[in-house]
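Engineer: Below is the structure I would like to discuss, written out as structure tokens.
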Amino acid sequence: MQPGILIHNYKISAKGIPKKVIYHFSDIHLAEYDAFSDEQEKLKAIERTHIWETRRIRNAKLHNEPHSEEQQQSAYHHFLSLLAEAEKGDALIMTGDVCDYISGANIRTVNNCLNKLTVPFMYVCGNHENTELIPDGNVVSQIKNPVQILDLGDFILFGVDNSSREVTAEQNEQLKKALLLEKPLIIAMHVPIMTEGNKEALEKGGAYVQFNREDATKEVFEFVDLIKKNSDKIITVLAGHLHYINNTPITPDVVQYVSSQGILGNINRYEIGI
């Protein structure tokens, strides 16, 4: 295990699928500067790094999660360590806010790291990642896609950008099409679904952490209904955004796993299959 990281292990039964290991992390909140950064970019990176040094500890204490001195290393250190750990698996899913904001240095940093990965990966957009600021033609630009599909042979990773706490009719159509395929799905997104098991906690957090909130659009509720009505075709749902562990069933057959904050070295490891 890489120093300073905390692995959360889960086993997910999936009939007919030989065992695969999937890693999942979220919310690294990188705030970097480099030799190409101007003074403004450098100062912003220093300011945001300082903010998250305090905020990540506050979040951990609030939710009674570990925050050892070893875990309190830089976001960049954790990013490298989590990627190295993920190399031990069959695929990696990143559910948003890898970058605290979009900047030249953050894009260069993430591109450089992800281009070295040897395992398949999916990176979906978080609410801190303004896709309008991302140029095309780089690894980070994949988060500009409203829907991403990655075929892992025995099952499919279906990524959806719900970082604005909304989905569109077109995203729902893409999910319907994916559900017609012969392979089961793992669904990855940034903002988690509110369930009976986490409703009380998410309501305390306010609208900011709620996807299928009371005043959500009809498309949001259609998206959730598609998952509930097709639970036999869905292995699991993976999300982030909350900055604490929150694992609750959406249906009796489908559990949603929310990864805790990667900026403290948290990573989920799933053994999927039989």
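The values are calculated or read from the model by the stated rules, or taken from the named source; none is laboratory data. Quick caveat, the model's predicted, so the values are computed rather than measured. Note that each Cβ is placed from the backbone with ideal geometry, even for glycine, and that neighbours are counted across all protein chains shown. Surface areas here come from the heavy atoms of the whole protein model, side chains and all, with no ligands, DNA or RNA. Shrake-Rupley method; radii C 1.70, N 1.55, O 1.52, S 1.80 Å.
Engineer: So how many residues does the range 92-128 have that are touching a residue at least 40 places away in the same chain (Cβ under 8 Å), part of a helix (DSSP H, G or I) and either over 22 Å from LEU43 (Cα atoms) or open to solvent by 20 Å² or more (accessible area, probe 1.4 Å) (or both)?
Structural biologist: 3
Engineer: With the requirement that a residue be open to solvent by 30 Å² or more (accessible area, probe 1.4 Å) and of a type in the set (Gly, Ala, Ser), what does the range 157-212 give you?
Structural biologist: Result: SER164, ALA169, GLY197, ALA201, GLY205, ALA207.
Engineer: When residues of the range 151-172 are filtered for being closer than 24 Å to ILE274 by Cα and among the hydrophobic types (A, V, I, L, M, F, W, C), how many remain?
Structural biologist: 5
Engineer: Do we find that ASP154 is of a type outside the set (Val, Ile, Thr), part of a loop (DSSP other than H, G, I, E, B) and exposed (fewer than 15 other Cβ atoms within 10 Å of the Cβ) in this structure?
Structural biologist: Working: of a type outside the set (Val, Ile, Thr): yes; part of a loop (DSSP other than H, G, I, E, B): yes; exposed (fewer than 15 other Cβ atoms within 10 Å of the Cβ): no.
No; evaluated as a whole, the condition is false for this residue.
Engineer: Could you list, in sequence order, the residues of the range 140-151 that are open to solvent by less than 30 Å² (accessible area, probe 1.4 Å) and farther than 23 Å from VAL220 by Cα?
Structural biologist: Of everything in the range 140-151, those that are open to solvent by less than 30 Å² (accessible area, probe 1.4 Å) and farther than 23 Å from VAL220 by Cα turn out to be VAL140, SER141.
Engineer: Determine, yes or no, whether ALA216 is more than 23 Å from PRO252 (Cα to Cα) and either under 20 Å from the mean Cα position of the chain (by Cα) or surrounded by 14 or more Cβ atoms within 10 Å (Cβ to Cβ) (or both).
Structural biologist: Spelling it out, ALA216 is indeed more than 23 Å from PRO252 (Cα to Cα) and either under 20 Å from the mean Cα position of the chain (by Cα) or surrounded by 14 or more Cβ atoms within 10 Å (Cβ to Cβ) (or both).
Engineer: Moving on to the next point. Give just the number: which of (1) modelled with pLDDT under 95; (2) over 19 Å from the mean Cα position of the chain (by Cα) does GLY205 not satisfy?
Structural biologist: (2)
Engineer: Looking at ILE250, ILE227, ILE272, ILE267, which one is assigned to a helix (DSSP H, G or I) and crowded, with 20+ Cβ neighbours inside 10 Å?
Structural biologist: ILE227
Engineer: Moving to a separate point now. Hey, among the residues in the range 84-106 that are under 24 Å from PHE36 (Cα atoms) and among the hydrophobic types (A, V, I, L, M, F, W, C), which one's nearest to the chain's Cα centre (by Cα)? Let's see the steps before the verdict.
Structural biologist: Step one: list which residues in the range 84-106 are under 24 Å from PHE36 (Cα atoms), which gives 97-106.
Subset that is among the hydrophobic types (A, V, I, L, M, F, W, C): 98-99, 102, 105.
Working: VAL98: 8, CYS99: 12, ILE102: 16, ALA105: 21 Å.
Among those residues, the one meeting the criterion is VAL98.
Engineer: Would you confirm, using the coordinates I've provided, whether GLU200 is without any contact (Cβ under 8 Å) to a residue 12 or more places away in the chain and either among the basic types (Lys, Arg) or farther than 30 Å from THR49 by Cβ (or both)?
Structural biologist: Criteria met by GLU200.
Engineer: Would you be able to tell me the number of residues in the range 45-83 that are outside any loop (DSSP other than H, G, I, E, B) and open to solvent by 40 Å² or more (accessible area, probe 1.4 Å)?
Structural biologist: So the answer is 15.
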